[in-house]
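Let me begin by presenting the structure, written as C-alpha cells, before commenting on it.
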Amino acid sequence: MLTKQEVEHIAKLARLELSQSEVKKIQKELSSILDYIDQLKKAAISGVQPTSHSIFIENVMREDKLIARKLESKRKLIEKFPAAKEGYLKTKSIL
Amino acid sequence: MKLYELTIAKAHRGLKKKEFSCLELTKSFLDRISNLDKKIFSFLTITPDIALSQAKKIDDWILQKREIPLLAGIPLAIKDNILVEGVRCTAASKILENYIAPYDATVVKRLKKLGVVILGKTNLDEFAMGSSTENSAYKVTHNPHDLNYIPGGSSGGSAAALTSNFCIFSLGSDTGGSIRQPASFCGVVGLKPTYGAVSRYGLISMASSLDQIGLITKTVEDTKIVFGAIKGKDSLDSTSVESKIRNQPYGESRATAKFEIRNCKVGVPKEYFIEGMDPAVEKIIKNSIKKFEDLGIKIKEISLPHTKYALAAYYIIMPSEVSANLARYDGIKYGFSKKKAQSLLNVYLESRGEGFGEEVRRRIMLGTYALSAGYYEAYYLRAQKVRTLIQEDFKKAFQKIDLILTPVSPTPAFKIGEKITDPLKMYLSDVFTIAVNLAGLPALSLPVGKVSNLPVGLQIIARPFEEDKIFEIGQMFEQI
C-alpha cells in the first residue's frame, strides 16, 4: 500500500491539489491498480527490446527559417491567455 | 424510409436525384436532436447555424449542376475532443469549458473540403478517459437501446447520437477501445484505423502512442467511404503515414480486387474466451464465427499467449503518456485558471486540482508515479517490453492467417452507476480491445446480435494498413 506521504509527493510532482479525503481515496485506489499491474513481473522480458510506437517513427525535419503567420492566428492565441498585458502572457511573479 | 434513417450512399443518391434538398436532410436531423436528445444526452454543443448555412451551400452546388463528392451535404457529429475552428471544444472537461478551437483538425479540414454538414460536438468521458461516458464533467449519455444503461465509452456520445439517428455518421477517437466498445454496446459499426493511417492533428492528446481518430457508421459500406476520405499522410502529424498498401477506393468493383475473401484464413484466439465472460455474449460471437465458416471461410484456433498482460501494460503506458500530455493544462496559457491563487505554484495546483475530474486526476497520479525516480524500470520500461511481446504475438499469428475475430467486450452494456465506483472493474471492460492499440492494428466492431435488447459486437482485426480486408469480410456478413 502506498503511504500518505508518497501520494502527497506524487501529487506535488503532478501539480495537483488534492484534499485530505482524496489523498486517502487515491492511496487505496492506486494501490489496488498497482497490485493488478504487478502481474507484469511474471512476463519473460529478458532480452526483449522496448516498444514506444507500434510503427517505425522518424524525426521530421524542416529548414530552420522563419515562417510568416497570419496576425489573426496570433490574436486567436493571445485571446486565450487567462491574463495578458500588451499582448504578452502574464503570470504571477516568482521573485 | 425517413430522411434521418439514410446511409451515406443512399443520402448521396437522394441529393443527386433531387429527391430532397440538403436543407431538408439537415433539418430532419436538427429537429430530431432538439426533440429527442433530452433523453439521450449525446451532444455537448449543437451547431445549427453552421449546419444550415453549409446545407444551403450544398443545395446551390446541386442547383448549379456541379458534380458533388459522396460526402457533400452529409450531416455528421464530431466527438468533442476533435477541433472544429470557431466551435467550443471541451474534451468534456471543466478545464476547457470556454475553449474555442482556433483551427480545424486535419480530419475536419478534409471532410469540410468534401462538403460535409457539421451538426455538433458529442459527449465523451473527460479527455476520453473512461469506458462508459459517465466521466464527462457535463452529462451522462444514455444507451438508446435502454436508457438505464451506459452507451459505452469514451466515444459514447458519438455512438449514441448515430444509433438515435441524430446524424449519418460520427467521428470518435480510440486509445484502448473507445470507438469499438461503444459501437458494440450501441449496435453500430465502429472502426479504429491502423495507428498512423489517419492524422491526429487537432485531436486533443491523451496517450499519443495509442490514440487514433476513427469513425462510427450504420454500415461497413459507409465506414469504407469515410475512411477513404480521412486517411493519408499529413505534414502536421509526424506519426501519420501514407500506406504502401493501396486500400481499394470506394466504387471500384469488388470483382477486380486482388484479395479474394473466400480464400482468406481467419484466426480465433483462444485467449479471448475467458472465464467471467457473459455466456450469452460468447454464444452470439461463436454463432457469428460459424456463419463465416458456412460461407466457406477457413476458421482456425490460434493463440496470442501474452494477451493476459495487455491490460496491465496498458495501465502503465497510457497513464504515463497522459501525465506528460496533460501537463500543458497549467492555468497559464489557456483554459480554466484559478486567478485568485496566492503564488505561481498555487495557480498550477489549484487550476489543475479544480479543473480536472476524478478519473483524469487518478490517471495523472498513476502515470506520474510510474515515471517517477526509482520506478521507471520497474513499471514503464517493463510495460514497453511487454508491449513488444504483445505485438510479436500478432505478427506471428498474421504469418499464417489474414484476419482475427474476437468479441469486442466480455459483456453487453452495463447499467449506469454499476462500475463507476470501482476503477479497476471499469478498466476490465476494455480487456479485449486494448491489445489492438498496443500493437497499432486496425480493428472494427461489427454488430452481430443482441442479448435481450442490448447489442453485441464482433471485433475484426487485420494486419497494419489492411483495413480493406476488414471491410470485405464485414460487408460479406452484412449481406447474409
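With neighbours defined as other Cβ atoms within 10 Å of a residue's Cβ, the residues B:Glu321, A:Glu63 order from fewest to most as A:Glu63, B:Glu321.
Residue separation times 0.36 nm, minus the C-alpha to C-alpha distance between B:Lys139 and B:Ser34: what's the value? Taking 0.36 nm per residue and subtracting the Cα distance, the gain is 36.2 nm. 3J(HN,Hα) couplings calculated from phi for segment B:329-334 with the Karplus curve 6.51 cos²θ - 1.76 cosθ + 1.60 (θ = phi - 60°) are, in sequence order, 8, 10, x, 10, 8, 6 Hz; Gly and Pro show x.
The mean number of Cβ atoms from other chains found within 10 Å of a Cβ in peptide B:191-199 is 1, as a whole number. Note on A:Leu95 and B:Lys18: the model spin-label points, each 7 Å out from Cα along the C-beta direction, lie 7.4 nm apart. Of the GluC sites (Glu not before Pro) found in segment B:256-317, the ones in coil according to DSSP and having at most 11 other Cβ atoms within 10 Å of their Cβ are B:Glu260, B:Glu275.
Across segment B:172-181, rounded Karplus estimates of 3J(HN,Hα) from the backbone phi angles (6.51 cos²θ - 1.76 cosθ + 1.60, θ = phi - 60°) give x, 9, 9, 10, x, x, 5, 9, 5, 5 Hz, Gly and Pro being marked x. Put simply, the amide H of B:Ala443, placed in the peptide plane, has neighbours under 5 Å in B:Lys192, leaving out anything fewer than 5 places away on its chain. Only helices enter this figure: runs of n ≥ 4 DSSP H residues, each worth -39500 (n - 2.57), summed and divided by the residues of the protein assembly as shown, yield -11500 deg cm²/dmol at 222 nm to the nearest 500.
Distance between the modelled labels on A:Glu72 and B:Lys333, one decimal in nanometres: 2.3 nm (7 Å Cα→Cβ projection). What the phi angles of segment B:463-468 give under the Karplus curve with 6.51, -1.76 and 1.60, with θ = phi - 60°, is a coupling list of 5, x, 6, 10, 3, 3 Hz, glycine and proline written as x. For chain A, applying the loop criterion from DSSP together with a ceiling of 11 other beta carbons within 10 Å to the chymotrypsin sites (Phe, Trp or Tyr not before Pro) yields A:Phe56.
Legend: mean number of C-beta atoms from other chains within 10 angstrom of residue C-beta atoms, peptide A:11-24, equals 6. From a point 7 Å beyond the Cα of B:Glu478 in the direction of its Cβ, which residues of segment B:120-155 have a backbone N at a distance under 20 Å? Answer for this model: none. Taking amide hydrogens as placed 1.01 Å from N in the peptide plane, the amide H of B:Leu44 sits under 5 Å from those of B:Lys121, B:Thr122, B:Asn123, each at least 5 positions away in sequence or on another chain.
Positive contributions from Lys and Arg (+1) and negative ones from Asp and Glu (-1), summed over other residues with Cβ under 10 Å from the Cβ of B:Val408, come out at 0. Highest mean packing comes first when the peptides B:219-231, B:101-113 are listed by Cβ atoms within 10 Å, giving B:219-231, B:101-113.
At 0.36 nm per residue, minus the direct Cα-Cα distance, what do B:Leu52 and B:Glu418 gain on full extension? Give it in nm, one decimal, please.
Stretched out fully, the B:Leu52 to B:Glu418 stretch lengthens by 127.8 nm.
Per-residue mean of foreign Cβ neighbours for B:338-351 is 3 (Cβ atoms of other chains, 10 Å radius). Here the label points at A:Ala44 and B:Asp278, each 7 Å from Cα along the C-beta direction, are separated by 3.7 nm in the simple model. Shown here for segment B:304-352: chymotrypsin sites (Phe, Trp or Tyr not before Pro) in loop regions (DSSP other than H, G, I, E, B) with at most 16 other Cβ atoms within 10 Å, of which there are none.
No value in this document is a laboratory result; all are computed from the given coordinates. Keep in mind it's a predicted model, so treat the numbers as computed, not measured. FYI the Cβ positions are ideal-geometry reconstructions off the backbone, even for glycines, and counts take in every protein chain you see.
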